[in-house]
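The values are calculated or read from the model by the stated rules, or taken from the named source; none is laboratory data. Treat the numbers as computed from the prediction; the structure is a model and nothing was measured. Backbone-built Cβ (ideal geometry, glycine too); neighbour counts: all protein chains shown. Side chains are part of the model used for accessible areas, which takes the heavy atoms of the whole protein and leaves out ligands, DNA and RNA. Shrake-Rupley method; radii C 1.70, N 1.55, O 1.52, S 1.80 Å.
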Amino acid sequence: MSFRRGVVRQSKFRHVFAQAWKAEHCLDDVRVTRVTWEAPLCAANPKFIAVIVEAGGGGAFLVLPLNKSGRIDQNTPTVCGHAAPVLDVQWCPHDDNVIASASEDCTVKVWQIPDGGLKAPMTEAVVTLEAHSKRVGILAWHPTALNILMTAGCDNMLCIWDVGTGELVYQLSDAHPDLIYSVCWNREGSVVCTTCKDKALRVIDPRRGTVLKVKEKAHEGTRPMRAVFLSDGKILTTGFSRMSERQLALWDTRDLSEPMAVQEMDTSNGVLLPFYDPDTSMVYLCGKGDCTIRYFEVTDESPYVHFISLYSSKEPQRGAGFLCKRGVDVNKCEIARFFKLHERKVEPISMTVPRKSDLFQGDLYPDTAGLEPSLLAEDWIAGQDAPPLLISLSGGYVAPSSKQRDTLRGRPKLPLQSTNSAPPSTTAASTTSASPSSATPPAAAPSSATPVAREMEVVETPVPAKVVQETEGVTVDRERKEEDILSDVLAEVRALKAVVLAQGRRIDMLERQLTRIEDGDV
């Protein structure tokens, strides 16, 4: 009798194991929100972790340094500027100190968190975005363009904002007939995929406002679906079958008629939240109310989605935050980290690949997306696309200080003409409504002397050398300020010219397409 050995799939992630951190490294006495909205309720980056918490008479979320642990005092300051419960929070991918929050009060607010965390409650947002008529529950920052933010609300509407100016640049009100469950940008930020209560999966070009692809009944169950874009352009969805079994499906955007792969898991009611790591092609599924985290590897080999293992614990999770690759510990071969939300606790869970060597494992850590954006907001609005700018994690990653960055400045602004005027306020009102043209120039100082008389007085009156030096210093400072003003104006002109040229090229392209359609060539 002979036994034939089965072929084992080769993968460096086959032995990934998950391990919860010790109790002393958890966050205790965190009053995690009780809202029933299907969202992670938590977000993390290399500097901070944000958790939506219970708040009386409004909405609030907690922002703590990533290395914080132990009991959290009930008097710890929160970000508490919303008038109703907060439903979603997302850190900006291009500045670790900027976070956006969406709320039941129909607004989206953008906050600038100081290094080291909050010292007092934060109530004034840098930018307040108002366009939705119902509660806003979904946020998605553009992966490569600075200050571009997409929001989705219960009014079935998608809005795209330039956060640097507070402008609503695109609004899609007819793409979805019902409640939007999820939105996700592709890797270059040229299109988005969405799931909706009508069970359809859509691929949308937000700049043209057109639906490129639709798959009706991607999952036949009535429970909410989720979708994420993979780095190779495929889409991974989670949903429910007609028999209420939880499903995972992989789709090729070139042909959505049939899924490339479908896996059925169990009959639990919890909505599966997918978290995708483009560097390792790993997908992690966290179900709200589950005690497990499943993880898979997506490859080009059939059956394409390969189950690796699952992490199981005794307590169910209310939500989970996923730390971007820049924040993991490369010295311990940590490839992912979750922050599992309990009722009154936040528990870190590390995903680790066992290796004997203490050296940097380059095969586990390919270059990953860094803080630097590939495009400015106006470049993307003008039709440009670009992949993310990558950085190496060799030697570990150190987040820059917030003083080194000025994220919420998407394009050059014309400064106030008066050199002694007060600087513009950074409140929401000034960001969204103030403009250089509204600045009132200061009135001329009254004087009874004519220019000739003033010149004669200067000639006749001896001026001390010290005064002359101070006057020369003021003149030099004024000349420098004028040079700064001139450079800002020139930069604004160049930016506007680039936008005009790009829009002109786009108009020519659309006119050529229209001509071909009218001639019957398409």
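Candidates Leu250, Leu212, Leu285: the one that is within 27 Å of Ile148 (Cβ to Cβ) and either surrounded by fewer than 16 Cβ atoms within 10 Å (Cβ to Cβ) or modelled with pLDDT of 95 or more (or both) is Leu212. Among the residues making up region 283-327, those that are β-branched (Val, Ile, Thr) and more than 22 Å from Val30 (Cβ to Cβ) are Val283, Val298, Thr299, Val305, Ile308. Identification of strands (runs of 3 or more DSSP E) wholly contained in region 126-208 with 1 or more residues that are open to solvent by 10 Å² or more (accessible area, probe 1.4 Å) and closer than 24 Å to Asp105 by Cβ yields 127-130, 136-141, 167-172, 180-185. Of all residues in region 219-239, those satisfying the criterion of being open to solvent by less than 10 Å² (accessible area, probe 1.4 Å) and part of a loop (DSSP other than H, G, I, E, B) are His219, Gly221, Met225, Leu230. Ser357 - would you say it is open to solvent by 10 Å² or more (accessible area, probe 1.4 Å), of a type in the set (Ser, Thr, Tyr) and not in a strand (DSSP E or B)? Spelling it out, Ser357 is indeed open to solvent by 10 Å² or more (accessible area, probe 1.4 Å), of a type in the set (Ser, Thr, Tyr) and not in a strand (DSSP E or B). Within region 169-208, the set of residues being among the aliphatic types (A, V, I, L, M) and in contact with a strand residue (DSSP E or B) (Cβ under 6 Å, 6 or more places away or on another chain) comprises Val169, Leu172, Ala175, Ile180, Val183, Val191, Val192, Ala200, Leu201, Val203, Ile204.
Checked against the criterion of being in contact with a helix residue (DSSP H, G or I) (Cβ under 9 Å, 6 or more places away or on another chain), open to solvent by 40 Å² or more (accessible area, probe 1.4 Å) and of a type outside the set (Lys, Arg), region 328-348 contains not a single residue that satisfies it. In region 240-333, counting only strands (runs of 3 or more DSSP E) that sit wholly within it, the ones holding 1 or more residues that are closer than 28 Å to Phe48 by Cβ and touching a Leu at 6+ places or on another chain (Cβ under 8 Å) span 272-277, 282-287, 292-298, 319-322.
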